[in-house]
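Novice: Structure incoming, see below.
The values are calculated or read from the model by the stated rules, or taken from the named source; none is laboratory data. Keep in mind that what you see is a predicted model, and the values were worked out from it rather than measured. Cβ placement follows ideal geometry from the backbone for every residue including glycine, while neighbour counts extend to all protein chains displayed. Surface accessibility is based on the protein's heavy atoms, side chains included, excluding ligands, DNA and RNA. Shrake-Rupley method; radii C 1.70, N 1.55, O 1.52, S 1.80 Å.
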Amino acid sequence: MEQFLQAIDTQTIIFTLTAVLLPLLAFVLNITMRGRWDKISGWVSTVAILLSCILSGFVFARVWNGHPVHQQLLWFTIGNTQLYAGILLNNLSVLMLLLVSVIALPVHIYSTAYMKDDEHYTRYFAFLSFFCFSMLALVVVDNLFLFYISWELVGFSSYLLIGFWFKRHKAIMANKKAFIMNRIGDMGLLIAIMVLFTQYHTFDITQIFADNGLISRSVMKNGLWVSPTGHLPAIWQYIACGGVFLAVAAKSAQFPLHTWLPDAMEGPTSVSALIHAATMVAAGVFLLGRVYPMFNGTELTILAIIGCFTAFMAATIALTQNDLKRILAYSTISQLGYMVMAMGIGAYASSLFHLVTHSFFKALLFLVAGIVIHQMRHINDDNGLGIDPQDIQHMGGLRKKLPFTFIAAIIGGLALVGLPLTSGYLSKDSILIHAFEWADGKGPLFKLIPVFALLTTWLTAFYVARLIVKVFFGELRLLKNTPGIKLHVSDGSWAYKLPLVLLAAGCLFPLFSANPIEFTRSWLFKGFSPAGGFGAESSAYALLPVLVNSLSLLVIYWAWLIYAKQKAGSLLQRGFLYRLSFNAWYFDEIYNNGIIKPVLALGRFTFWFDRIIINGSVNSLARTGILVSKLSSWFDRNIIDGFLNLLVAIVRAIGNFARKFQNGRVQYYLFSMLVIILSLFILKILV
Amino acid sequence: MISLTGYMVVSAGLFCIGLYMIVSKHNAIQILIGIELMLNAAILNLVAFGRYDRFNNGGQMFALYAIVLAAATTAVALAIILNVYRQYKTIDPGKIDELKD
């Protein structure tokens, strides 16, 4: 029996490995075969992800609610530290494994049509496969070291895909911004991992974070953080948590590192659907799920506050944006804020539940946006209008032109608002109810969190209604402004429709629960809740969803009145609050003026300092050296050499004088002898 | 009676003429003549001072001896001049200066 189980486990691991490595294979094939396989490269990636998806399904069926599978190999040894590489499959990782591959599959199919005319078709699919590989690896690895590697790879592939259209200046700026913001988070994660390693001497996730793992046996005592493997000052625990929080904030676009996500919409829309809505941005929440036990009460409360603030802020910004994709991006930030808040209030299961449902409906909405933008671009190109195809102010009335897309958008939108019969209803209401439960028995200030979460729900209802009404209802404003343009608009081929069908199916309740009203019956929720845990029957807030949804419906009706019937619309277009929302709470301006400009100024100053002061001093030193050497050279040449030359000249003069006497003429010798003798005599006479 | 001074003056004159010839002439033979003149000035002195030695006639004897010696020296000197001429094709002592530095 034991052996049988082990064989099954090994098979599961092999399935998982294959599922993870298939996209990598597709990436390698696409990169090496570029230029030859251009036609079929999309299908290479799609087939790879399809197989990954099937294998993930098998793995999921085996492991979900069963015993966790964990196998590892010795990777390498440094000193006494042995580093293992392995795979950890528990409920969380198999769920994410399945989710990523299931969302990636329709996006791949959609991309084969959406990117068909792009000149870098092969490169696109190579990157997309690379991303899938990184993301799948991220969710199944069993130690923090490999986790960090995958985390970086995910960020890197996201960077590549945001800047996919590298000839656009805005895309380059956006991917630079995303990269820098993510680096801040990566730094946090690295610091957290180093602190954890120092404390626990292992990278293994199971050993550290398991139910009776090292974290749960660590206590704070007298300002020390004591664990079975050693102790550190308490501050390091806060630093580790702060690092993890930074990582989450950067990857999942939480305040204060959220501003990269709206700019990341410069990438292809299909990429936005997969990476910047459904999977990668959820990696932060997934990280929270992995390291959940390390947070204590205060830190969780901070998480909840940050998440709640992000959710509310992003929702208010989404109210006034005009760019179709930016609205969805802010909505994503808002929903991610919900998930982080849910983690903070201890609603672990609800948070992951919302992660899964959100992936489906947000991917669906992005694919819908992709179709709409695609068609608008067609109209734009056919008629040479030169408009922004993403601006919803030009749209309207597309309900009749794109009926299929319209239905998908309605389903996705309702799920995002969280109306009954959708998956969003189940997950969002579970978060709201948990938030109220959590705030019970705490101070009045804690009540603000559920209240703001509730407000955010209605804001969500409003902006979703505004989006759908502006895009699909009324008349096509473009046609009104420039009559006589030609329209060839359709939902597109099956490669557009099939992904919408698949994802729309995932937005409805039957996938998650047989009971459309009570989230506690959902298999997903049960999978993460301790046995005999939270039950809606016991909750005092069982009727909360009724209130929320009836008000949501009212809000939607109000939005309909404003945008479809053009009543009371102009009231909202003015005032400080409108400007605040339209300019995204001025975060970009604040960062520009508060951080980027000072940093650039510092850079310029140090450049100036370097050039003028440091180079200047070096140069003046050099000049002084040259001067001194010139001086000494002059001294050498004129004084020292001159002295020697003078000696030489004297000697030569003496020599020349003396040699005059040695002229070899006998008579001269005689004469000189005569002169000398005579002078001697004369001297003798005179003296 | 010619005084001793007269002889001495003639002798000094002869000596100076000889010395001048030796120093100034460009011909070895003329130099040789200058040497002879100086020698004869000395001989004249010997003869003039010979009056203080009437018994032995030492002055006259030395003079004769010197004349014979001078003749021999002249022969040797002429031979040297002949050889110098063969060697250098000149007898101007000013041009024979190969020994200078």
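Novice: With an 8 Å cut-off on Cα pairs and a minimum separation of 6 or more residues, tell me the relative contact order of chain A in percent.
Specialist: The value is 11 percent.
Novice: Using the Karplus curve 6.51 cos²θ - 1.76 cosθ + 1.60 with θ = phi - 60°, work out ³J(HN,Hα) for each residue of the stretch A:50-56 in order, rounded to whole Hz, and write x for Gly and Pro.
Specialist: 5, 4, 4, 4, 5, 4, 4
Novice: Then there's this: In degrees from 0 to 90, rounded to the nearest 10, what is the angle of the helix A:121-140 Cα long axis to the longest principal axis of chain A?
Specialist: 80 degrees
Novice: Lys and Arg at +1, Asp and Glu at -1: add these up for the other residues within a Cβ distance under 12 Å of A:Val618 and post the number.
Specialist: It works out to a net charge of +1.
Novice: Send over the semi-axes of the stretch B:4-95's equivalent ellipsoid, whole angstrom and largest first, taken as the square roots of 5 times the C-alpha gyration tensor eigenvalues.
Specialist: The three semi-axes for the stretch B:4-95 are 31, 16, 5 Å.
Novice: Compute the distance from the alpha-carbon center of the stretch A:378-400 to that of the stretch A:198-241, in whole Å.
Specialist: 56 Å
Novice: What quantity of accessible surface, computed with a 1.4 Å probe and excluding non-protein components, is buried in total between chains B and A, in Å² to the nearest 100?
Specialist: When B and A are taken together, about 900 Å² of accessible area is lost.
Novice: In Å, what is the Rg of the alpha-carbon atoms in chain A, and how long is Dmax?
Specialist: Calculated on Cα positions, Rg and Dmax stand at 38.2, 157 Å.
Novice: May I ask which residue of B:Ile91, B:Val76, B:Ala12 lies farthest towards the positive end of the charge dipole of the stretch B:4-95, with charges of +1 (Lys, Arg) and -1 (Asp, Glu) on Cβ and the Cα centre as origin?
Specialist: B:Ile91
Novice: Taking H as built 1.01 Å from N, whose amide H comes closer than 5 Å to the amide H of A:Trp75, not counting residues under 5 places away?
Specialist: A:Leu83, A:Tyr84, A:Ala85
Novice: Between the DSSP loop rule and a limit of at most 14 other Cβ atoms within 10 Å, which trypsin sites (Lys or Arg not before Pro) in the stretch A:379-476 are left?
Specialist: The qualifying sites are A:Lys442.
Novice: So what's the angle, to the nearest 10 degrees on a 0 to 90 scale, between helix A:448-472 and the longest Cα principal axis of chain A?
Specialist: With both axes taken from Cα atoms, the answer is about 90 degrees.
Novice: Please give the helix A:348-383 orientation as an angle from the longest Cα principal axis of chain A, in degrees from 0 to 90, rounded to the nearest 10.
Specialist: Rounded to the nearest ten degrees, it is 80.
Novice: On to the next question. Find out how many positive minus negative residues lie around A:Gly346, taking Lys and Arg as positive, Asp and Glu as negative, among other residues whose Cβ is under 14 Å from that of A:Gly346.
Specialist: Once positives and negatives cancel, what remains is -2.
Novice: Moving on to the next point. DSSP loop (so not H, G, I, E, B), at most 16 other Cβ within 10 Å: list which trypsin sites (Lys or Arg not before Pro) in chain B pass both filters.
Specialist: B:Arg54, B:Lys89, B:Lys95, B:Lys100
Novice: Sticking with this one: If one computes the Cα centroid of the stretch B:29-101 and of the stretch A:478-524, what distance in Å separates the two points?
Specialist: Measuring centre to centre over Cα atoms gives 149 Å.
Novice: Determine the dipole magnitude for chain A: charges of +1 sit on the beta-carbon of Lys and Arg, -1 on that of Asp and Glu, nothing else is charged, the reference point is the Cα centre, and the result goes in debye to the nearest 20.
Specialist: 2660 debye
Novice: Identify, among A:Met173, A:Phe245, A:Pro228, the residue whose Cα sits farthest towards the positive end of the charge dipole of the stretch A:112-246, taking +1 on the Cβ of Lys and Arg and -1 on the Cβ of Asp and Glu, with the dipole about the Cα centre.
Specialist: In the stretch A:112-246, that residue is A:Met173.
Novice: Per residue of the stretch A:592-609, in order, report the coupling 6.51 cos²θ - 1.76 cosθ + 1.60 (Karplus, θ = phi - 60°) as ³J(HN,Hα) in whole Hz, putting x for Gly and Pro.
Specialist: Coupling constants for the stretch A:592-609: 4, 7, x, 10, 5, 5, x, 5, 5, 4, 4, x, 5, 4, 5, 4, 4, 4 Hz.
Novice: Report, by chain and number, residues whose modeled amide H sits under 5 Å from the one on A:Trp225, excluding near sequence neighbours (fewer than 5 apart, same chain).
Specialist: A:Leu232, A:Ala234
Novice: Under the rule of -39500 (n - 2.57) per DSSP H run of 4 or more residues, summed and divided by the residues of chain A, what mean residue ellipticity at 222 nm is obtained, to the nearest 500 deg cm²/dmol?
Specialist: -22500 deg cm²/dmol
Novice: Shielding of A:667-673 by partners, i.e. mean partner chain Cβ atoms within 10 Å per residue?
Specialist: Per residue, the average neighbour count from other chains is 3.
Novice: Rounded, prolate or oblate: pick one for the stretch A:323-371, where a ≥ b ≥ c are the square roots of the eigenvalues of its C-alpha gyration tensor, a/c under 1.5 means rounded, and failing that, prolate if a/b is larger than b/c, else oblate.
Specialist: oblate
Novice: Moving on. Long-range amide H contacts for A:Leu508: which residues qualify at under 5 Å (H placed 1.01 Å from N, peptide plane, sequence gap of 5 or more or a different chain)?
Specialist: A:Ser423
Novice: Show me, for the stretch A:432-437, the HN-Hα J-couplings you get by feeding each phi into the Karplus relation (A = 6.51, B = -1.76, C = 1.60, θ = phi - 60°), rounded to Hz, glycine and proline as x.
Specialist: So the Karplus estimates, Gly and Pro as x, are 4, 5, 4, 5, 5, 4 Hz.
Novice: Can you give the charge dipole size of the stretch B:4-95 about its Cα centre, rounded to the nearest 20 debye, using +1 on the beta carbon of Lys and Arg and -1 on the beta carbon of Asp and Glu?
Specialist: 180 debye
Novice: Using +1 at the C-beta of Lys and Arg and -1 at the C-beta of Asp and Glu, which of A:Gly492, A:Ala304, A:Ser672 has the Cα lying farthest in the positive direction of the dipole of chain A?
Specialist: Positive-end residue among those listed: A:Ser672.
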